[in-house]
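*Asks:* This structure is in structure tokens; I'll ask about it shortly.
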Amino acid sequence: MTKALIVYGTRYGATASTSAEIANTFRQQGLEVRVVDAKQERISEIDEYDLVIVGSGIERDMWTSEPEEFLKTFQEELAKKKVALFVSCGHGSQALNEGKPDVIAKFRGVYLEEKAAKYNLQPLALGLFGGIYDYNKISRFMQMAPPVQATRRKLEAACKETQPGIYDLRDLDAIRIWAKELSQKVLS
């Protein structure tokens with residue numbers, strides 16, 4: 001059976017639940033999947049996996065530190081494996097939802113293509129997915145900052161809260177399609 005490893009880092013939960021969606025789709029396609037929160041668990045080896053997917057949330061144009069460290073640690077092994085990268089990005093979700101191809105291309109380049117190049121990877125797939133804005137996890141002081149207030153006003157005007165203070169801007173169908181296409185590449 002083909003084995004896949006999904007290693008992720010998250011700040012507000014979007015990347016965790018995106019990883020779970022990818023894993024569910026892979027299992028439906030017949031892959032054996034292990035999902036690891038890089039903040040909670042350290043991976044010691046990746047030899048047994050046919051595919052390694054690394055995902056991260058984006059904040060202030062940066063990946064979370066744990067998946068970045070994973071890429072650095074396993075750079076040589078990953079260069080010889082089937083690999084995919086994805087990010088969960090709030091600003092990316094706005095560009096995706098508003099159909100702004102130039103902005104999407106910019107985010108894809110900065111968050112995914114440059115990351116792959118930095119670690120000499122040739123990914124089978126790169127996924128740019130929406131994110132989650134969770135105002136319950138932002139300090140009251142930060143919530144008073146004008147940029148934070150402006151973003152929240154835009155969110156309130158454009159979409160419904162999925163729970164009080166939480167705006168989930170991901171397209172779950174797009175995530176499932178990406179995962180299914182990736183699984184087909186691995187299985188063929």
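The values are calculated or read from the model by the stated rules, or taken from the named source; none is laboratory data. Fair warning: this is a prediction, and the values are worked out from it, not measured in the lab. As a convention, Cβ positions derive from the backbone with ideal geometry for all residues, glycine included, and neighbour counts pool all protein chains shown.
*Asks:* Report yes if Gly55 is at pLDDT 95 or above, within 30 Å of Ala150 (Cα to Cα), among the small types (Gly, Ala, Ser) and under 14 Å from the mean Cα position of the chain (by Cα), otherwise no.
*Replies:* Yes: the conditions hold for Gly55.
*Asks:* Looking at (1) in contact (Cβ under 8 Å) with a residue 24 or more places away in the chain; (2) out of contact with any helix residue (DSSP H, G or I) (no Cβ under 7 Å at 6 or more places or on another chain), which is the only condition Ile22 fails?
*Replies:* (2)
*Asks:* Of Lys106, Lys3, Lys100, Lys39, which residue is of a type in the set (D, E, K, R) and closer than 16 Å to Leu126 by Cβ? Give the derivation first.
*Replies:* Details: Lys3 fails: closer than 16 Å to Leu126 by Cβ; Lys100 fails: closer than 16 Å to Leu126 by Cβ; Lys39 fails: closer than 16 Å to Leu126 by Cβ.
Selected residue: Lys106, the only one of Lys106, Lys3, Lys100, Lys39 that is of a type in the set (D, E, K, R) and closer than 16 Å to Leu126 by Cβ.
*Asks:* Please specify each residue of the stretch 167-187 satisfying the condition of being at pLDDT 85 or above and either more than 21 Å from Tyr111 (Cβ to Cβ) or not hydrophobic (A, V, I, L, M, F, W, C) (or both).
*Replies:* Taking the stretch 167-187 first, the residues at pLDDT 85 or above are 168, 170-187.
Within the stretch 167-187, Asp168, Arg170, Asp171, Asp173, Arg176, Lys180, Glu181, Ser183, Gln184, Lys185, Val186, Leu187 meet the criteria.
*Asks:* Taking Val103 as meeting all but one of (1) among the aliphatic types (A, V, I, L, M); (2) at pLDDT 95 or above; (3) out of contact with any strand residue (DSSP E or B) (no Cβ under 7 Å at 6 or more places or on another chain), write down the number of the exception.
*Replies:* (2)
*Asks:* Here's another thing I want to ask about it. Can you work out which of the residues in the stretch 123-145 that are touching a residue at least 12 places away in the same chain (Cβ under 8 Å) and part of a helix (DSSP H, G or I) is surrounded by the fewest Cβ atoms within 10 Å (Cβ to Cβ)? Let's see the steps before the verdict.
*Replies:* The first filter runs over the stretch 123-145 and keeps only residues touching a residue at least 12 places away in the same chain (Cβ under 8 Å), leaving 123-137.
Narrowing the set further to residues that are part of a helix (DSSP H, G or I) leaves 135-137.
Values: Tyr135: 18, Asn136: 10, Lys137: 13.
Selected residue: Asn136.
*Asks:* Is there a residue being part of a strand (DSSP E or B) and over 19 Å from Ile177 (Cα atoms) anywhere in the stretch 11-28?
*Replies:* First pass over the stretch 11-28, keeping only residues part of a strand (DSSP E or B): none.
No, the stretch 11-28 has no match at all.
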